[in-house]
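Below is one structure, written out as structure tokens; the observations come after it.
The values are calculated or read from the model by the stated rules, or taken from the named source; none is laboratory data. Everything numeric in this text was worked out from a predicted model, so none of it was measured. No Cβ is skipped: glycine too gets one built from the backbone with ideal geometry, and neighbour counts run over all protein chains shown. Accessible surface is based on the protein model in full, side chains and every heavy atom, while ligands, DNA and RNA are left aside. Shrake-Rupley method; radii C 1.70, N 1.55, O 1.52, S 1.80 Å.
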Amino acid sequence: MESLQEKISSLQKMIDESSSIVFFGGAGVSTESGIPDFRSQDGLYQQEWKYPPETIISRSFFDSNPKEFYRFYRKKLIIKDVKPNKTHIKLAELEKAGKLSAVVTQNIDGLHQMAGSKTVYELHGSTLRNFCMRCGKFYDIDFIADSENTAEKLPRCECGGLVKPDVVLYEEGLDDSIITNAIHAITKADMLIIGGTSLIVYPAAGLIRYFQGKYLVLINKSETQADSTANLVIHDSLGKVFEQIKVQV
């Protein structure tokens with residue numbers, strides 16, 4: 001059985017041989033920046049919330065109970081003062097060196113862009129973008145956070161419309177143009193690195209079937225349904241792996 005160092009050496013060799021890498025990432029990329037996976041439920045969570053997260057973060061719940069939606073959203077999905085971690089930074093370096101062509105992410109925190117990545121396809125949107133549902137005016141994340149201090153406890157535009165995060169809720173479809181760009185990038189890639197995702201959230205997880213390149217790598221703390229098809233599987237911390245990768249400029 002290969003040691004972690006042997007696997008990292010294999011990963012380094014694959015990266016060195018590749019010229020169009022795509023990184024496909026999930027919640028595990030951001031947890032190392034201190035952003036919790038909201039699906040994990042602890043005792044306090046169950047005491048505080050009457051509904052499971054999948055119910056609260058759904059379009060029908062947003063429409064019928066926006067006050068409770070925003071109470072959850074502000075507490076669980078708006079995380080202030082977070083910084084990109086070793087994985088975000090290394091991926092940005094790989095892009096700058098011309099090795100990585102795109103990041104496809106299920107995360108909504110904007111940390112890839114904060115680290116310097118330019119080509120990022122956010123499948124589930126971003127908490128950093130918010131728009132009035134009536135007039136379309138843009139609002140930043142602080143506007144949503146500060147709405148807790150209003151009498152209504154809802155983010156209202158100056159026109160009176162409700163401001164909605166540019167985040168794909170359950171029951172909503174993904175953005176067609178982002179999906180198309182992500183599929184194009186994966187189809188053209190010679191290497192696909194999948195990290196920090198259990199590959200159970202569809203349709204996002206189904207994107208990997210478009211990969212036709214040479215190297216498929218999976219880095220995740222637990223097993224995934226795609227482990228058996230990968231050229232390399234590393235069950236360990238993303239940060240521990242990526243901090244050892246050297247970027248050839």
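Show which lysines lie in cross-link reach of Lys137 when reach means a straight Cα distance below 18 angstrom and same-chain residues fewer than eight apart are skipped.
Within the straight-line cut-off, Lys137 pairs with Lys164.
For Lys246, list the lysines whose Cα falls under 17 Å from its own Cα; do not include residues on the same chain fewer than 8 positions away.
Correct list for Lys246: Lys7, Lys13, Lys86, Lys90, Lys96, Lys99.
Averaged per residue, what accessible surface does the stretch 1-134 expose to a 1.4 Å probe, in Å²?
47
How much of the accessible area of the chain, probe 1.4 Å, is carbon plus sulfur, in whole percent? Show your work: numbers first, answer last.
On the way: 6190 of 12210 Å².
Accessible surface attributable to carbon and sulfur in the chain totals 51 percent.
May I ask you to list the GluC sites (Glu not before Pro) in the stretch 1-108 that are in a DSSP loop and have at most 12 other Cβ atoms within 10 Å of their Cβ?
The qualifying sites are Glu2.
Are there GluC sites (Glu not before Pro) in the stretch 149-223 that DSSP marks as loop and that have at most 11 other Cβ atoms within 10 Å, and which are they?
Working: sites: Glu152, Glu158, Glu171, Glu172, Glu223; in loops: Glu152, Glu158, Glu171, Glu172, Glu223.
Answer by residue number: Glu152, Glu158.
How large is ³J(HN,Hα), in whole Hz, for each residue of the stretch 7-24 in order, when computed from phi with the Karplus curve 6.51 cos²θ - 1.76 cosθ + 1.60 and θ = phi - 60°, using x for Gly and Pro?
In residue order, the calculated couplings are 5, 5, 4, 5, 4, 4, 4, 5, 5, 4, 7, 9, 10, 9, 8, 10, 9, 10 Hz.
What accessible area per residue, rounded to a whole number of Å², is obtained for the stretch 165-242 using a probe radius of 1.4 Å?
Counting only protein heavy atoms, the per-residue value for the stretch 165-242 is 47 Å².
Test of the criteria: in the stretch 164-249, which trypsin sites (Lys or Arg not before Pro) are in a DSSP loop and have at most 15 other Cβ atoms within 10 angstrom of their Cβ?
Answer by residue number: Lys214, Lys221, Lys246.
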